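Report on the structure given below.
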Amino acid sequence: MDQSARHLRLLTETIAAVNSTLDLQEVLELVARKVAEALATDACFVYLYDERADELILRATHGTAVEEMSGRPRMRPGEGITGSAAAERAPIMIPAGAHLDPRFKQFANLPEDEYESILAVPIIARDERLEGALNVRTREPRTFADAEIDLLVAIASQVAQSIEHARLYEAAQRRVQELEALARISEAVSESLYLEESLQAIVRTTMESLRATGAALVLDDGRIAWPEGRAGAHALRLPLRWKRRQIGELVCDRDTPFTDDDRALLEAIAHHAAVALEHGRTVLRGVLAQEIHHRVKNNLQTVASLLRLQARAEEVDPDKALADSVNRILAIAAVHEVLTEHRDDEVDLAELIERLRAMLVQGLVSGKQVTAELEPVALAGQRATSLALVFSELLGNALEHGGAHVRITLQQRDGDVVLAVVDDGGGRGDRPDGTGLSIVRALVRDELAGSLELADADGHEARVTFPAS
């Protein structure tokens, strides 16, 4: 009676301690410690059953430590003494020389061969589902009494319920974390008007939620957006799909394998990432369309002003007036083309001038030599349009009235941009001061806030100087 009362007290105390927490790892560690104390053994090993992998995985120990050499010891039901107890759904007791038993399974980082006796029991849930297995060990030979075996079986039966509850709690906590992660992503996607900010938030939330070593979004054009962290031993790539079309990939790396729950969470994140990417691109397309409409309107207004100015000129050859107007429109189109190609708000003047030079030389005259020394200079789109018109007028004038050689230079000095067109023809007196030069003076003064200098020195030079910003 005294022994029965003691065992009942030990069973009650052990179960009370185990049920004091819902954290699964804490439950398993309490089981190992309390069971070893209840049966006065030197060690206790608790294995948890992974149904997907069909493996028993060592999750908690008391009285010894697992050396970090080859990961957690694991075995299939039927392997080893403890695995055999799990497979047979019955206790196995070996009083001495347990490591000599043919069923014994040696792990390189688990010093089990220093123990003589073993008592292993399965952990079975009420519905006969295997939850795990545990064993107690002693360094000296020991025969466990039937009452002690019954006590360990009873403890294991109650522990099964605690493990089940802890697993349900762990799943609920994981679901809460997943929902919080998805909520953060949804908030970032809905609040940010900037695609890069949305993608950055998605990558960082992915790393936090999956405890990943690295993550990135790979877009359909091959560009990697916001790569974070480093590569891991395991990688998972999920497609970003929008209306049955793949528009990218979500890549996640970490050192531990991905579970089915991890994959489900990543699939949800990938869906949000696809929505964010398409939403951001739609906004970008809208902004781009608005900007294009604005530029086209301004350019058309500029063309209209130039045509009105040309119409007011007196004694003008109609064919020449039409050709000049065509060249001015083409100059504006060249700026628009550069802006569209580079998807930027600034134009590389060297590239723009080179395009205009090729166009004007081909369209106006042949047999003349035109050289260019152009430094890279960036200029905002609207100012670049004004400079394109200025350059077209100056180069057209040099090609029409100048000599056989024309030299173009573009420099940036002391915060100013200097554009010069020099030819080896006659001086300024040989050239009419007509509509084209009037347009140049007005654009340089009003649009570029600069100055125009005309000089005669071994030919004719037109120099435009204006602030770079």
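The numbers here are math on the coordinates, done by the rules we state, and not lab data. The model shown is predicted, which means the values in this text are computed figures rather than measured ones. Methodologically, a virtual Cβ is constructed for each residue, glycine included, from the backbone with ideal geometry; neighbour enumeration extends over all protein chains shown.
Some points to look at:
- The residue 57 and residue 139 beta-carbon pair, evaluated with R₀ = 25 Å, returns a calculated FRET efficiency of approximately 0.50.
- Segment residue 219-residue 237, length gained on full extension (0.36 nm per residue, minus Cα span): 5.2 nm
- Placing dummy labels 7 Å off each Cα toward the beta-carbon, the span from residue 401 to residue 260 is 8.5 nm.
- Local electrostatic count at residue 258 - Lys and Arg +1, Asp and Glu -1, tallied over other residues with Cβ under 13 Å: -1
- Residue 23 paired with residue 416, simple spin-label distance in nm, labels 7 Å along Cα-to-beta-carbon: 7.2 nm
- Region 80-130 - percent relative contact order, Cα under 8 Å, separation 6 or more: 46 percent
- When the Cα atoms of region 25-160 are aligned to their principal axes, the ranges along those axes come out at 37, 35, 29 Å in descending order.
- 3J(HN,Hα) along region 115-132: 9, 8, 9, 8, 10, 10, 9, x, 10, 10, 6, 4, 8, 6, 7, 6, 9, x Hz, from the Karplus curve 6.51 cos²θ - 1.76 cosθ + 1.60 with θ = phi - 60°, whole Hz, x for Gly and Pro.
- Residues whose amide H comes within less than 5 Å of that of residue 60, counting only those at least five positions distant or on another chain, are 46 (H built at 1.01 Å from N in the peptide plane).
- Contour minus Cα-Cα distance for residue 451 and residue 149 (0.36 nm per residue): 98.5 nm
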